[in-house]
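Contents: one structure, followed by commentary.
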Amino acid sequence: MSPYITDAAAWQESWDRQQEAYLPDREHRFTAMLDAVEAVRETAPPRLLDLAGGTGTISLRALRRFPDAELTLVDLDPALLALATASLGDRATIVTADLTRPDWVDALPHRGYDAVLTATALHWLPADRLTGLYTELRELLRPGGLLVNADHMPDDTLPELTKRLLAKAEARRAARYAAGAVPSWAQWWEHAAQDPELRSLVERRHAIYPTGHSQEWSPPVSWHLGALSEAGFTEVGTLWRGGADAAVVAVR
Ligand SMILES: C[S@@+](CC[C@H](N)C(=O)[O-])C[C@H]1O[C@@H](n2cnc3c(N)ncnc32)[C@H](O)[C@@H]1O
């Protein structure tokens, strides 16, 4: 039985604030993703996979745009999955799976997705695993369906400017933390660990991610476009770009 969370909406709101401190243009990338889904959608309700979906941020926005969407959300974090379950209820199939394992696809309820959408997550995977995952994701899409991956993806033609943009963004973030404007990643988790409904899930989460995070690896956009082409997608390109982040898109 899934755990009961009294106020998932409040936790979602604080999650959004915490993430927006890293990604001030976070909503822009979600809008770009959903515009792309709309562009390729066929007459049936879109079948969408929210990959490493956490609390369900993308799913919640997808349901606002496509209320009849058939959604699957995959993640490994028990605390975030409990929040996603509480927010999405029966509007999504929630799947616990580890993307580092190629057999994660066995846990999915469907194939033939119209779109796989993922944000700020795949930099947790090492290079060889991410190339394998791109191939697996292509197989999960219907012909003409698309994958959008929004993440930290510097523009390798702007190395010096990217360094300066990142330093500026970090200083702005530090000032907001110092002023108590938003919770940091660590504070958000400390806060969640104090909540009686989330405490045991956060403990399980810390056992899964003992360092708080997997290793992080953020290659430039050109790396992703090469890997997506290698995986056999027919069209690959940059859908959105902001600072050192981008959303790459790949059409099967
Ligand atoms: C920063 S969060 C982003 C969540 C959501 N996409 C959003 O934008 O709010 C990164 C997510 O990736 C998930 N994740 C990291 N490694 C994973 C893995 N090996 N398998 C499944 N999910 C993973 C984490 O549990 C977390 O929910």
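Some points to look at:
- Listed residue (Ser200, Ala169, Gln187) projecting farthest to the positive dipole end of the range 154-211, Cβ model: Ala169
- Cβ-based net charge around Leu81, under 11 Å, with every Lys or Arg adding one and every Asp or Glu removing one: 0
- Debye-sum result for the range 8-251 in log10 I(q)/I(0), which assumes one identical scatterer on each alpha carbon, at q = 0.09, 0.11, 0.13 Å⁻¹: -0.37, -0.57, -0.81
- Across the chain, the mean sequence separation of Cα contacts (distance under 8 Å, 6 or more residues apart), normalised by length, yields a relative contact order of 23 percent.
- Exposure proxy ranking, count of Cβ atoms within 10 Å, fewest first, for Ile5, Ile208: Ile208, Ile5
- Potential lengthening of the chain between Ser200 and Asp156 amounts to 11.6 nm, from the contour at 0.36 nm per residue minus the alpha-carbon distance.
- You can think of it this way: the chain between Glu216 and Thr43 has 58.4 nm of extra reach, that is 0.36 nm per residue less the Cα-Cα gap.
- Dipole axis of the range 8-251 (+1 Lys, Arg; -1 Asp, Glu on Cβ), positive-most option in His110, Val236, Pro154: Pro154
- Between the range 173-252 and the range 57-128, the Cα center-to-center distance that results, in Å: 14 Å
- Taking the Cα centre of the range 8-251 as reference, the dipole from Cβ charges on Lys and Arg (+1) and Asp and Glu (-1) amounts to some 460 debye.
- Taking only the alpha carbons of the range 51-131, we obtain Rg and Dmax values of 12.4, 36 Å in that order.
- The residues neighbouring Ala250, those whose beta-carbon lies less than 14 Å from its own, together hold a net charge of -3 under the Lys/Arg +1, Asp/Glu -1 convention.
- Cβ-derived FRET efficiency at R0 25 Å, Glu13 paired with His110, nearest 0.05: 0.25
Every number here is computed from the coordinates shown, using simple stated rules; none is lab data. Note that the structure is a prediction, hence the values are computed from the model and not measured. In this analysis, Cβ positions are derived from the backbone assuming ideal geometry, glycine residues included, and neighbour counts consider all displayed protein chains.
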